[in-house]
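Below is one structure, written out as structure tokens; the observations come after it.
The values are calculated or read from the model by the stated rules, or taken from the named source; none is laboratory data. Note that the structure is predicted; figures quoted are calculated from it, not measured. Here the Cβ positions follow ideal geometry from the backbone for every residue, glycine too, while neighbour counts run over all protein chains shown. In case anyone asks, the SASA skips ligands and DNA or RNA and just uses the protein heavy atoms, side chains included. Shrake-Rupley method; radii C 1.70, N 1.55, O 1.52, S 1.80 Å.
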Amino acid sequence: CSGMRLQAFLDSNVNGVKDAGEQNFPLGQFHYEINNDGAIHNITSPAGVYNIYDTNQNNSYDLTYTIDSAYATMFSTTASYQNVNIVSGAGLTTYNFPVNILQNYLDVATYIVPINQPRAGFNYTNKIVYANLGNQTIPSGTITFVNDPNLTIGNISQTGTTPTTTGFTYNYSSLLPFEVRYIDVTMAVPNIPNVAIAQLLTNTVNIDPTTNDVQVLNNQNALSQPVIAAYDP
């Protein structure tokens, strides 16, 4: 394949080079324009990497990167590339966008992702995603999961959780900058008539610490999904 790889990374030693151990930066957007045609392509990449595939050596690219507005005062980046051409047959040419820290800050976040739909009489799985979106390691914190009272937790992929009357808690440690971790929670959905078709089931998750957290809105998340079933009344 011919093309280019755009890569943003946290330049911890400010040398402009992606050294071993320097993590990709997820809090921004890549931008590119082809042949100065005025059409700017804006790419959000949670992995901090975006590949452009192209075999036309006559195409000319302008490449830039910007920090998300919520974090624009915390980081800076100045790298840009003008009139870059594709090298046919040379594979992907990497263009790095080093990001420098302007201000230390804390920001943990969590989300719930549904793996399947809650079908009456079957298992229903949610994936808890939690991450450090700050530029400092979080020594310790707590995940709190509250399941819908109609659901019964059967399995948790993470060891070391503590059951509660409404779900469970988990104490995590050493969450590195931009590190993402996952917990799968499998729950049993009751049979009809203990639940009804289209009844909403809501699970919530919270993450601590919140002290000095710059984006407290992403410290909690809720997921509601309707019960489905093949049922002849």
task: For N123, state whether it is free of Cβ contacts under 8 Å to residues at least 60 places away in the same chain and of a type outside the set (D, E).
output: no
query: Among the residues of region 109-123, which ones are open to solvent by less than 40 Å² (accessible area, probe 1.4 Å) and part of a strand (DSSP E or B)?
result: A109, T110, I112
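Among L106, L63, L102, which is farther than 25 Å from T137 by Cα and surrounded by 13 or more Cβ atoms within 10 Å (Cβ to Cβ)?
Details: L106 fails: farther than 25 Å from T137 by Cα; L102 fails: farther than 25 Å from T137 by Cα.
Only one candidate passes the filter, namely L63.
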- prompt: Which of the residues that make up region 59-78 are of a type in the set (A, V, I, L, M) and touching a Gly at 6+ places or on another chain (Cβ under 8 Å)?
  reply: I67
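Could you tell me whether I153 is in contact with a Ser or Thr (Cβ under 9 Å, 6 or more places away or on another chain), farther than 30 Å from A8 by Cα and of a type outside the set (S, T, Y)? If you could, list the steps in order and put the result at the bottom.
Values: in contact with a Ser or Thr (Cβ under 9 Å, 6 or more places away or on another chain): yes; farther than 30 Å from A8 by Cα: yes; of a type outside the set (S, T, Y): yes.
Yes: the conditions hold for I153.
Search region 137-166 for residues being farther than 19 Å from A109 by Cα and small (G, A, S), and hand back the single one that is surrounded by the fewest Cβ atoms within 10 Å (Cβ to Cβ). Don't jump to the end; show me each part of the working.
Keep residues of region 137-166 that are farther than 19 Å from A109 by Cα, which gives 148-157, 159-160, 162-166.
The next check asks that each one be small (G, A, S); those that pass are 154, 157, 160.
Numbers: G154: 12, S157: 13, G160: 8.
Per the criteria, the residue is G160.
Regarding region 191-211, can at least one residue be identified that is among the hydrophobic types (A, V, I, L, M, F, W, C), within 30 Å of S69 (Cα to Cα) and either surrounded by 15 or more Cβ atoms within 10 Å (Cβ to Cβ) or in contact (Cβ under 8 Å) with a residue 24 or more places away in the chain (or both)? Can you show your working first?
So the first thing to find is which residues in region 191-211 are among the hydrophobic types (A, V, I, L, M, F, W, C), and the list is 192, 195-198, 200-201, 205, 207.
Narrowing the set further to residues that are within 30 Å of S69 (Cα to Cα) leaves 205, 207.
If we keep only those that are either surrounded by 15 or more Cβ atoms within 10 Å (Cβ to Cβ) or in contact (Cβ under 8 Å) with a residue 24 or more places away in the chain (or both) too, we end up with 205, 207.
Yes - at least one qualifying residue is present in region 191-211.
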